[in-house]
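My structure is below; once you've seen it, I'll send some questions.
The values are calculated or read from the model by the stated rules, or taken from the named source; none is laboratory data. All values reported here derive from a predicted model rather than from experimental measurement. Neighbour counts are summed over all protein chains in view; Cβ atoms, including those assigned to glycine, are modelled from backbone coordinates with ideal geometry.
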Number of protein chains: 2
Amino acid sequence: MRIPDAVRTVVDTAPFAHLTTLNADGGPQITVVWVDIEGDEFVIGHMGERRKTRNVRHDPRVALSMLATTMSPMGLREYVVVYGRARVTEGGAVPLLQKLARRYLGPNVDFPPPQFREQPGFITRITPERFGGVGVWNPPKR
Amino acid sequence: MRIPDAVRTVVDTAPFAHLTTLNADGGPQITVVWVDIEGDEFVIGHMGERRKTRNVRHDPRVALSMLATTMSPMGLREYVVVYGRARVTEGGAVPLLQKLARRYLGPNVDFPPPQFREQPGFITRITPERFGGVGVWNPPKR
């Protein structure tokens, strides 16, 4: 599905995103990640295999939650939850992390460190199926 | 298990907490909540039944993730993930929400609104079993 413009705006503010994956026993696992959008997928870069990538290969169902900078009409903080399915692809992690490091850490930051820059790394790609949270991306049910 | 002092300090900073529960089909559900500590439980107040309370009654496994205000030695933002089991008790939601509204929204805020103040509401109580994330509450494995 298309990612709404209002969600793209939230991602542009460099929110720390809480990624839930499912362990082999079905229990939840959470990692805080930097996030970007490519086309209509949410993308997360990492240099090595992680619990989250093993989890995604076992069960692709994930949820990604991030605060917006805006307030709801009731005065509560808005936030986006992305529900979808993830897959892990190899390669491309260095340019993604470099781009995101400048957005999240500062305009002159070099990341990842030189010793990692020759590795392909991995990208976790999330195809959204539904948007939750509080904001225009999740209109109240009538 | 005991809640470490460093985790109590994070909760005192009024972090928005991302609560993952499990839907009936095993998929993840996330809600952003205010959180407090009572004894060695994390507590979340709500006036009515919610998807999260139905989920917890079906499968008590939850994860609760919140950003700290501190940075790791590597220069990355620290965060706490609480893994544990939740139960829902009736009553006590109004004083809990009133206390948290003043911490999260401002020292003079009255919450919940008057029409809700005669209801008992519910408290979701999380008994921690393990702490994850980045910080002294989750020392690196050797």
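Got a number for residues in segment B:39-87 being in contact with a strand residue (DSSP E or B) (Cβ under 8 Å, 6 or more places away or on another chain), within 15 Å of B:Val7 (Cβ to Cβ) and small (Gly, Ala, Ser)?
4
Can you tell me which residue within segment B:122-134, out of those that are touching a Gly at 6+ places or on another chain (Cβ under 9 Å) and not aliphatic (A, V, I, L, M), is surrounded by the most Cβ atoms within 10 Å (Cβ to Cβ)?
Filtering segment B:122-134 down to residues touching a Gly at 6+ places or on another chain (Cβ under 9 Å) leaves B:122-124, B:126-130.
The next check asks that each one be not aliphatic (A, V, I, L, M); those that pass are B:122, B:124, B:127-130.
Working: B:Phe122: 21, B:Thr124: 26, B:Thr127: 16, B:Pro128: 21, B:Glu129: 12, B:Arg130: 12.
Among those that are touching a Gly at 6+ places or on another chain (Cβ under 9 Å) and not aliphatic (A, V, I, L, M), it is B:Thr124.
Of a type in the set (Ser, Thr, Tyr) and farther than 28 Å from B:Trp34 by Cβ: is that true of A:Thr127 in this structure?
yes
Mind checking which residues of segment B:53-100 are under 29 Å from B:Pro140 (Cα atoms), hydrophobic (A, V, I, L, M, F, W, C) and within 16 Å of the chain's Cα centre (by Cα)?
Step one: list which residues in segment B:53-100 are under 29 Å from B:Pro140 (Cα atoms), which gives B:60-86.
Pick out the ones that are also hydrophobic (A, V, I, L, M, F, W, C) and you get B:62-64, B:66-68, B:71, B:74, B:76, B:80-82, B:86.
Residues satisfying the conditions are B:Val62, B:Ala63, B:Leu64, B:Met66, B:Leu67, B:Ala68, B:Val80, B:Val81, B:Val82, B:Ala86.
Checking B:Trp137 against (1) buried (at least 16 other Cβ atoms within 10 Å of the Cβ); (2) more than 10 Å from chain A (Cβ to nearest Cβ); (3) not in a loop (DSSP other than H, G, I, E, B): exactly one of these is not met. Which one?
Exception for B:Trp137: condition (3).
Ok, one more. Using the structure shown, decide if A:Pro112 is modelled with pLDDT of 95 or more, surrounded by fewer than 22 Cβ atoms within 10 Å (Cβ to Cβ) and part of a loop (DSSP other than H, G, I, E, B).
no
Quick one: what pairs do we get from segment B:26-47, first residue farther than 20 Å from B:Thr127 by Cβ, second at pLDDT 95 or above and surrounded by fewer than 22 Cβ atoms within 10 Å (Cβ to Cβ), C-beta under 6 Å, 6+ apart or different chains?
Pairs found: B:Gly26/A:Gly26; B:Gly27/A:Arg61; B:Val32/B:Phe16.
Next up: Which fully enclosed strands (runs of 3 or more DSSP E) of segment B:1-100 have 1 or more residues being modelled with pLDDT of 95 or more and within 12 Å of chain A (Cβ to nearest Cβ)?
Answer list for segment B:1-100: B:17-22, B:28-33, B:61-71, B:77-90.
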